[in-house]
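A.B. asks: Sharing a structure below in structure tokens format, with a few things to ask.
The values are calculated or read from the model by the stated rules, or taken from the named source; none is laboratory data. Given the structure is predicted, the values throughout are model-derived calculations rather than measurements. Counting neighbours? That spans all protein chains shown, and the Cβs are built from the backbone with ideal geometry, glycine included.
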Amino acid sequence: MRYADAGKAYAEADHISGEVGEAGNQAFSRACLVNLDLEEGKLPVTGLLDRIEDAIQQAGKSNDAYSQSFARIIKARLLLQANKVAEAGREAQSAVDLAQEDKQATNKVSAQIILAETKARSGEVAEALAELDRLKALTDHERNVGQNLEAQLTYLKVMKQAGQLQQRKDAAILLSEFQKDAQEKGYKLLAAKAQSIMHGKP
């Protein structure tokens, strides 16, 4: 129901933006719809990649750096899911660059979290963990609970999937603690992702 309700809201925003000629807002709404479909996990990645590319192009034509940066973050996540690590890294870097130009702190952090994961999946595990440590400290200082949890979860995911043997053992315990913490703070999707990682899913 949560996905259906959110999907209706973004679809309505997409329709209204199209009617009033706000291409940037329409691109953002379309990117949000793709993100919802990605989180729900019921549609093939290929089709979602086509849709997010359309949103990126639309945002670019309207010179909407925020929407384009956001859409590139979603595309990077899709590419990671498709195991296209190098392409995901390029999209995440583009999102960082756009966010930096437009002073978008939130998009910048989200893209940097993805970049760190691409580093880990390319064998640069120590560098990835160091970067995620930095992002955890930054988001904690800024009291950005959602992105702090996102950075924590990616850190634990890297430990579990690519760390040394002891790191993998530690991650199993820490993921269980993270799941409870995220659940208590109302971040049910992140709690569910933690459970998936515990059970060996990407």
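A.B. asks: Just the residues that are outside any helix (DSSP H, G or I), among the polar types (S, T, N, Q) and without any contact (Cβ under 8 Å) to a residue 24 or more places away in the chain, please, taken from the stretch 75-113.
C.D. replies: Asn83
A.B. asks: If you don't mind, there's one more thing I want to ask. Within the stretch 86-103, can one find any residue that is modelled with pLDDT of 95 or more, farther than 21 Å from Cys32 by Cα and in contact with a Leu (Cβ under 8 Å, 6 or more places away or on another chain)?
C.D. replies: no
To keep it simple, each residue is scored yes or no on (1) aromatic (Phe, Trp, Tyr); (2) assigned to a helix (DSSP H, G or I); (3) modelled with pLDDT of 90 or more; (4) touching a strand residue (DSSP E or B) at 6+ places or on another chain (Cβ under 6 Å).
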{"residue": "Tyr10", "(1), (2), (3), (4)": "yes, yes, no, no"}
{"residue": "Asn25", "(1), (2), (3), (4)": "no, yes, no, no"}
{"residue": "Ser29", "(1), (2), (3), (4)": "no, yes, yes, no"}
{"residue": "Leu36", "(1), (2), (3), (4)": "no, yes, yes, no"}
{"residue": "Asp50", "(1), (2), (3), (4)": "no, yes, yes, no"}
{"residue": "Gln58", "(1), (2), (3), (4)": "no, yes, yes, no"}
{"residue": "Asn63", "(1), (2), (3), (4)": "no, no, yes, no"}
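A.B. asks: Another question, then. Considering only the stretch 133-156, I want to know if a residue exists there that is free of Cβ contacts under 8 Å to residues at least 12 places away in the same chain, of a type outside the set (A, V, I, L, M, F, W, C), assigned by TED's automatic domain parsing to the domain that holds Ala71 and not in a helix (DSSP H, G or I).
C.D. replies: No, the stretch 133-156 has no match at all.
A.B. asks: How many residues, within the stretch 166-202, are of a type in the set (Lys, Arg), within 19 Å of Val145 (Cβ to Cβ) and not in a helix (DSSP H, G or I)?
C.D. replies: Counting residues in the stretch 166-202 that are of a type in the set (Lys, Arg), within 19 Å of Val145 (Cβ to Cβ) and not in a helix (DSSP H, G or I) gives 1.
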